[in-house]
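Each remark here refers to the structure printed beneath this line.
The values are calculated or read from the model by the stated rules, or taken from the named source; none is laboratory data. None of the values given here were measured: they were computed from a predicted structure. Glycine also receives a Cβ, built like all others from the backbone with ideal geometry; neighbour counts cover every protein chain displayed. Remember, those area values only see protein heavy atoms, side chains included, never the ligands or the DNA or RNA. Shrake-Rupley method; radii C 1.70, N 1.55, O 1.52, S 1.80 Å.
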Amino acid sequence: MSLARLDHLRDNATMWRVCDDLWDRWEDVEARFARVARWAPRQGERGWADADMLSLGRIGIRAERGEDRLCRLTRAEQISLLTLWLVSRSPLMMGGDLPTGPRETVELLTNNEASEVLFHSRNSRDNREALREDDLVLWTARDTDGHTRYAAVFSLADAPRRFAVPLGSVGARPDDHARELWTRTDTPHDGRHPHVGLPAHGAALYRIGEARPGSSRG
């Protein structure tokens, strides 16, 4: 669907697809970045742009493409996929078979700290791509509590990379607490340009603000 049809879509639907089918290939995931960036500012109660189902876990049981298999995305690529869907507020519909899927897939899908980005920011209008520079992509979102922010850092590089990430540009202050939500680890930073190491096609998802009870290092 095109943004040119937005008014018609909002009048006649609550959700619509904005991308081609998503399969377990990195090129499919990477192609989503530009598309969901255009739609993210329009997400809300008047309708939701859908970037397609999550091709995670065991897929292809009766698929039109490929055989019965486990998702061919690396774990880093799966984290990038979920992070992009969460921060862009795409509907989450599981496209794999959960009962026969691996435990690691369930662990990703049930990470309650990461899912806060979607559930706590669902009424926000500030979910957006903030920076795209070479292989670095930075997204930001604001929590409905009014002071917590989220930052999603993505690497499009085909090899591990370290990036200087300008978190100050998305509202982080030097005394803010930063917590990486997939690993559930507290991360020291200077509030401006922390260095983030990511695997090939990997992502990190940070909650930035006051420390919460139960946060820990490790």
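Within the option set Val153, Val170, being modelled with pLDDT under 95, touching a Leu at 6+ places or on another chain (Cβ under 9 Å) and under 16 Å from Leu131 (Cα atoms) holds for one residue only, Val170. State whether one or more residues within region 109-125 are in contact with a Leu (Cβ under 8 Å, 6 or more places away or on another chain), more than 22 Å from Arg184 (Cα to Cα) and in a loop (DSSP other than H, G, I, E, B). No, the conditions are met nowhere in region 109-125. When residues in region 186-199 are screened for being modelled with pLDDT of 75 or more and open to solvent by 30 Å² or more (accessible area, probe 1.4 Å), 3 of them pass.
Yes or no, residue by residue, for (1) assigned to a loop (DSSP other than H, G, I, E, B); (2) within 21 Å of Val153 (Cα to Cα); (3) touching a Gly at 6+ places or on another chain (Cβ under 9 Å):
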{"position": "His8", "(1), (2), (3)": "no, no, no"}
{"position": "Trp16", "(1), (2), (3)": "no, no, yes"}
{"position": "Val29", "(1), (2), (3)": "no, yes, no"}
{"position": "Val36", "(1), (2), (3)": "no, yes, no"}
{"position": "Arg62", "(1), (2), (3)": "yes, no, no"}
{"position": "Arg72", "(1), (2), (3)": "yes, no, yes"}
{"position": "Leu86", "(1), (2), (3)": "no, yes, no"}
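Being out of contact with any helix residue (DSSP H, G or I) (no Cβ under 7 Å at 6 or more places or on another chain), of a type outside the set (D, E, K, R), under 23 Å from Ala34 (Cα atoms) and modelled with pLDDT of 95 or more, is that true of even one residue in region 110-124? Looking for residues that are out of contact with any helix residue (DSSP H, G or I) (no Cβ under 7 Å at 6 or more places or on another chain), of a type outside the set (D, E, K, R), under 23 Å from Ala34 (Cα atoms) and modelled with pLDDT of 95 or more, one finds none in region 110-124, hence no. Of everything in region 60-85 that is modelled with pLDDT of 95 or more and among the β-branched types (Val, Ile, Thr), the residue that is least open to solvent (accessible area, probe 1.4 Å) is Thr83. Within the option set Gly57, Gly66, Gly44, being in contact with a Ser or Thr (Cβ under 7 Å, 6 or more places away or on another chain) and among the small types (Gly, Ala, Ser) holds for one residue only, Gly57.
Please go through region 7-32 and pick out each residue that is of a type in the set (D, E, K, R) and within 12 Å of Ser90 (Cα to Cα).
Arg17, Arg32
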